[in-house]
Amino acid sequence: MRAVFHVPWETADRWFDALAAALPEVRFDRWADTTHTGHDIAVVWKAPAALFADRPGLRLVCSLGAGTDHILAHGSLLAPGVRVLRLVDPLMGERMAEYVLAGVLRHTQNHDLYAGQQAARQWRRHAPRDARAVTVGILGLGHLGTCVARTLLAVGFTVAAWTRRPRPADAIACHHGPDGLAQVLAAADILVCLLPATAETRGMIDAAVLAGLKPGALFINAARGELVDEAALLAALDSGRLSAAMLDAFPEEPLPAASPLWAHPRVIVTPHVASLSDPDSGAAALAADIRRCLSGGVPLGEIDRTAGY
Ligand code: OXD
């Protein structure tokens, strides 16, 4: 069995070696170094369309991240039977939960306010907002959203989640549909976006959604930049509807130097690091899922290509 590998990261060599070690029965070829086209599997992050063209033997395409939108963008080049896996690694869930928790606490503990005061050598105390008095709205309750919700609940925050489709009731209060969204927005002191990028969600965080939030809310986007209408976001920051935004994902990455987000006083930019995948734990998790897939088991990360997640 052969796999073609395309990962444009500085950790690419570590990924390649870790995958080759975790799946000795598969021969991995780096896309740039091979003219061979008889691959059964592709393991990719943001691969060019050419990687997927003319591959009649391909049966499985695996993302080295939680999202598969970069693969589905080339969906017309994939035969209907090709299965698509996202990476489901418990470490990524923990990292996402820690990223969001850091942003939430930075806000409720007034850290940005104190950074400004320090620059002005000012000694003034502000009461923190107690976790139990703060509602965090979470859009999207997949693996990562669930890890975030559980962590916030454990610290004492109130969580109101929203999913596009109804889901069975459990310990996480979850709403769905347009009315459910309005309820979550109206309750949220902090809104966290963890939705996948699909035809339904692109541009979803628009002026109407932001207007549904409590004045002064914090917005955290750790999903995809395409979900957010940037002009509406900047307008909501300027009007005070949002007190701040913490953004980890952008339609164009790296974020262009000319973007107004870099210098905005109430925007925190991070370079797509929430839930960073790790070569050692990620390769082991993916190898196990590829084996499940090939042996007729139920892989943890298989997505529905029609739904897009
Ligand atoms: C992603 C990831 O899909 O970082 O964005 O895993």
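The values are calculated or read from the model by the stated rules, or taken from the named source; none is laboratory data. Everything numeric here is computed off the predicted structure, so don't read it as measured data. Cβ placement follows ideal geometry from the backbone for every residue including glycine, while neighbour counts extend to all protein chains displayed. Protein only, heavy atoms only, side chains kept; ligands, DNA and RNA dropped before computing areas. Shrake-Rupley method; radii C 1.70, N 1.55, O 1.52, S 1.80 Å.
On the basis of being of a type in the set (D, E, K, R), within 21 Å of the chain's Cα centre (by Cα) and not in a strand (DSSP E or B), does Arg150 make the cut? Taking the combined requirement at face value, the residue satisfies it.
It is to be established whether one or more residues within segment 52-62 are of a type in the set (A, V, I, L, M, F, W, C), within 16 Å of the ligand (Cβ to nearest atom) and at pLDDT 95 or above.
Initial filter on segment 52-62 (of a type in the set (A, V, I, L, M, F, W, C)): 52-53, 58, 60-62.
Next cut, within 16 Å of the ligand (Cβ to nearest atom) only: 61-62.
Now drop any that are not at pLDDT 95 or above, which leaves 61-62.
Yes: segment 52-62 contains one or more residues that are of a type in the set (A, V, I, L, M, F, W, C), within 16 Å of the ligand (Cβ to nearest atom) and at pLDDT 95 or above.
Selection of first residues in segment 52-73 that are more than 23 Å from Asp13 (Cβ to Cβ) and of second residues that are within 14 Å of the ligand (Cβ to nearest atom) and open to solvent by 30 Å² or more (accessible area, probe 1.4 Å), restricted to Cβ pairs under 6 Å at least 6 apart or on distinct chains, gives the following pairs, ordered by first then second residue: Thr68/Arg86. Filtering segment 156-177 to residues that are at pLDDT 95 or above and surrounded by fewer than 13 Cβ atoms within 10 Å (Cβ to Cβ) leaves only Gly156. Taking the criterion of being without any contact (Cβ under 8 Å) to a residue 40 or more places away in the chain, within 21 Å of the chain's Cα centre (by Cα) and surrounded by fewer than 15 Cβ atoms within 10 Å (Cβ to Cβ), the residues of segment 271-309 that qualify are Pro271, Asp304, Thr306. Counting the residues of segment 131-153 that are open to solvent by 10 Å² or more (accessible area, probe 1.4 Å) and closer than 20 Å to Leu218 by Cα gives 11. Criterion applied to Ala199, Ala232, Ala208 was being open to solvent by 20 Å² or more (accessible area, probe 1.4 Å), assigned to a helix (DSSP H, G or I), of a type in the set (A, V, I, L, M) and farther than 23 Å from Thr108 by Cβ, and the one residue passing it is Ala208. The single condition among (1) more than 14 Å from the ligand (Cβ to nearest atom); (2) open to solvent by 10 Å² or more (accessible area, probe 1.4 Å); (3) of a type in the set (Gly, Ala, Ser); (4) within 30 Å of Thr108 (Cα to Cα) that Ala245 does not meet is (2).
A residue that is under 14 Å from the mean Cα position of the chain (by Cα) and among the hydrophobic types (A, V, I, L, M, F, W, C) cannot be found anywhere in segment 174-182.
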